[in-house]
Structures are given as structure tokens and as C-alpha cells.
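To keep things clear, I will list the structure first and then write my remarks on it.
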Amino acid sequence: MTFNNRTALVTGAGRGIGKAIAETLARQGVTVICVSKSADSCGAAAASIVAAGGKAKALAVDVADGAAIAKAAEQLLGEFPVIDILVNNAGITRDGLLFRMSEDDWDSVIQTNLTSCFHWTKHIARPMARARWGRIINIASVSGIMGNAGQANYSAAKAGMIGLTKTLAREFASRNVTSNAVAPGFIKTDMTTEFVNNAEVSAKILETVPLKRFGEAADIANMTAFLCSEEAGYITGQVFTVDGGMTM
Ligand code: NAP
């Protein structure tokens with residue numbers, strides 16, 4: 001894969017899938033801006049990339065706060081004239097059946113997973129479009145494709161990310177900026193520890209996964225890195241499921 005010393009911003013890069021994406025891109029010579037909510041988390045991720053010989057910077061931003069994103073983007077675009085690759089990966093779950101779901105649970109999941117993509121893209125994609133090269137990757141979920149009982153907020157946010165991905169693909173195609181989504185199935189991270197470590201629940205989940213195992217963060221990072229590469233330049237507006245065959 002070819003990366004030509006690009007610069008990427010990865011949200012939720014402090015842990016799990018986002019950290020694996022940041023590390024994978026950094027190994028390919030990409031300069032990575034690691035964003036997460038806590039300064040400790042993105043700071044440690046960036047430090048480990050630098051210790052391994054890569055180029056990285058950390059920035060703590062609450063992606064549920066549009067004003068904080070605007071301020072962070074202004075600061076970053078002062079330092080990096082163009083951010084070539086945007087990976088919207090930060091996400092949370094607040095699960096519960098619809099009748100028991102509070103408005104706060106609904107709002108915080110929509111803000112963090114979906115509205116954050118709107119804000120980051122608005123700020124980062126303008127210089128990308130001017131430069132006539134860019135990659136936007138939104139980390140959605142199979143929940144946004146199939147729905148999932150107990151995840152009305154999360155599946156709505158992830159389906160929204162898929163719609164946004166396709167619209168951005170159409171709006172930015174003439175500027176040579178591609179936009180794609182990756183939809184993970186069950187991946188072993190802090191987000192899923194509770195299920196993975198519960199033998200009964202995990203056996204039930206694995207009944208629905210033809211490959212009969214949970215995915216690793218690297219499985220998502222490898223697909224994302226490919227979509228960020230030069231070689232993926234003719235792919236846009238697509239959703240790639242990486243789910244062990246769950247949704248085939
Ligand atoms: P994770 O291990 O819980 O990590 C989430 C990351 O997002 C953390 O770095 C966290 O920051 C960051 N984050 C959360 N809220 C934020 C906020 N308000 N502002 C800034 N950063 C915030 O989750 P993951 O499993 O890696 O999930 C990554 C993405 O993949 C999410 O969008 C998730 O919905 C999606 N996904 C995951 C799975 C799965 O099975 N794991 C399946 C489908 C989709 P801190 O480190 O500072 O807390």
C-alpha cells in the first residue's frame with residue numbers, strides 16, 4: 001500500500017479500534033493526530049507510536065461538543081495545512097430497550113457517534129477538497145445495517161453515519177475525496193469486554209458468527225488502512241462489513 005507521507009486524524013485513538021488504526025497508519029509513514037476524550041489515553045497512544053519510530057501528536061477533544069471540535073480543528077489546521085485522512089471512530093454505547101431508554105442516553109449516543117462526524121468533516125474536509133486529495137472513513141457498525149434489540153440510539157447513529165458517508169461521497173467526488181464506512185461486527189475491545197468475558201453471552205453471540213470467533217481491532221485497522229491508501233482511490237460511497245460473516 002502507498003501512503004506518500006500523508007497526515008491523518010483519528011478520533012477515539014486512545015484505545016481499541018482507533019488505537020489500532022492510528023498504529024497501523026503510523027507504521028505506513030502517516031503522521032497521525034490521535035484524538036480521544038481523555039488526555040492520558042490519546043497521549044499514551046501517541047507516545048507509543050513515537051516510541052516505535054512513527055510520527056504522532058495527541059489532542060484531547062470531547063467529540064460530543066461541536067464548539068470543542070471547531071476550536072481543535074482551527075488549532076490543528078494552523079499546524080498542519082492539510083489533514084489528508086479523517087477517520088471518525090470515536091463512539092460510545094448506552095444500551096437499553098426503547099421503553100427504558102432515557103432521552104439523555106439517546107442524545108449522548110447520537111452526539112458522540114454521529115453529530116461528531118458532521119462537525120469534524122465540516123472543518124477538516126474543506127482544505128482536503130482544496131488539495132484535491134482526501135479520504136474520509138467512518139467507523140459504523142453492523143448494528144446500523146441490521147438493527148439490534150437494545151440499541152435504538154446506537155443503531156440509529158450508525159445507520160446515520162452510513163447515510164452521511166454516501167452523501168459525502170457524492171458531494172466530494174469531484175474533488176478526489178473519497179468517503180467510505182467500515183462496519184465492524186463483534187470486536188474484542190473495552191466496549192465489548194462485558195460480553196466477551198461472559199461465557200454464556202459470548203457463546204450465544206458466536207452462534208451468529210460463521211467464523212466462530214470475535215474480531216480483533218487489527219481486523220478493522222487493516223481494512224481502514226487499505227481504504228486510506230492510494231490504491232483505494234476508485235472506491236467511494238461503500239460500506240465494508242468486517243464481521244466474521246455475520247451479515248452475509
Ligand atoms: P472503545 O474501546 O470503547 O474506545 C472508544 C474510544 O473512543 C476511546 O479512545 C474513547 O476515548 C473515545 N471516545 C469516546 N467518547 C468520546 C468523546 N466524547 N470524545 C472523544 N473521544 C471519545 O471502543 P471501540 O470498541 O474501539 O470502538 C471504536 C468504534 O468502533 C466506535 O465507534 C464503535 O461504535 C465502533 N464499533 C465497535 C465494535 C466493537 O465490537 N468493539 C463493533 C462495531 C462498531 P478515551 O480513550 O479518552 O475514553
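Laid out as a table, the results:
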{"quantity": "Complete set of residues in segment 133-171 that are more than 11 Å from the ligand (Cβ to nearest atom), closer than 12 Å to ASN113 by Cβ, surrounded by fewer than 24 Cβ atoms within 10 Å (Cβ to Cβ) and over 15 Å from the mean Cα position of the chain (by Cα)", "calculated": "ALA156"}
{"quantity": "Residues within segment 19-45 that are under 27 Å from SER108 (Cβ atoms) and crowded, with 24+ Cβ neighbours inside 10 Å, tallied", "calculated": "11"}
{"quantity": "Residue match in segment 36-52 (condition: among the basic types (Lys, Arg) and near the ligand (Cβ under 10 Å from one of its atoms))", "calculated": "yes"}
{"quantity": "Filter pass, SER141 being closer than 20 Å to ALA13 by Cβ, outside any helix (DSSP H, G or I) and touching a Ser or Thr at 6+ places or on another chain (Cβ under 7 Å)", "calculated": "no"}
{"quantity": "Of the criteria (1) out of contact with any Gly (no Cβ under 9 Å at 6 or more places or on another chain); (2) touching a residue at least 60 places away in the same chain (Cβ under 8 Å); (3) part of a helix (DSSP H, G or I); (4) among the small types (Gly, Ala, Ser), which one GLY78 fails", "calculated": "(2)"}
{"quantity": "Subset of segment 213-248 [within 16 Å of the ligand (Cβ to nearest atom), on the phi > 0 side of the Ramachandran plot and surrounded by fewer than 18 Cβ atoms within 10 Å (Cβ to Cβ)]", "calculated": "GLY245"}
{"quantity": "From HIS119, HIS123, residue being more than 12 Å from the ligand (Cβ to nearest atom), assigned to a helix (DSSP H, G or I) and open to solvent by 40 Å² or more (accessible area, probe 1.4 Å)", "calculated": "HIS123"}
{"quantity": "Selection within segment 1-13 - within 15 Å of the ligand (Cβ to nearest atom) and open to solvent by 10 Å² or more (accessible area, probe 1.4 Å)", "calculated": "GLY12"}
{"quantity": "Single condition ALA56 does not satisfy, out of (1) open to solvent by 20 Å² or more (accessible area, probe 1.4 Å); (2) without any contact (Cβ under 8 Å) to a residue 40 or more places away in the chain; (3) among the small types (Gly, Ala, Ser); (4) outside any strand (DSSP E or B)", "calculated": "(4)"}
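The values are calculated or read from the model by the stated rules, or taken from the named source; none is laboratory data. All figures in this text were calculated on a predicted structure; none of them were measured in a lab. Positions of Cβ are generated from backbone atoms using ideal geometry, with glycine treated the same way; all protein chains shown enter the neighbour counts. Keep in mind that these areas ignore ligands, DNA and RNA; they rest on the heavy atoms of the full protein, side chains included. Shrake-Rupley method; radii C 1.70, N 1.55, O 1.52, S 1.80 Å.
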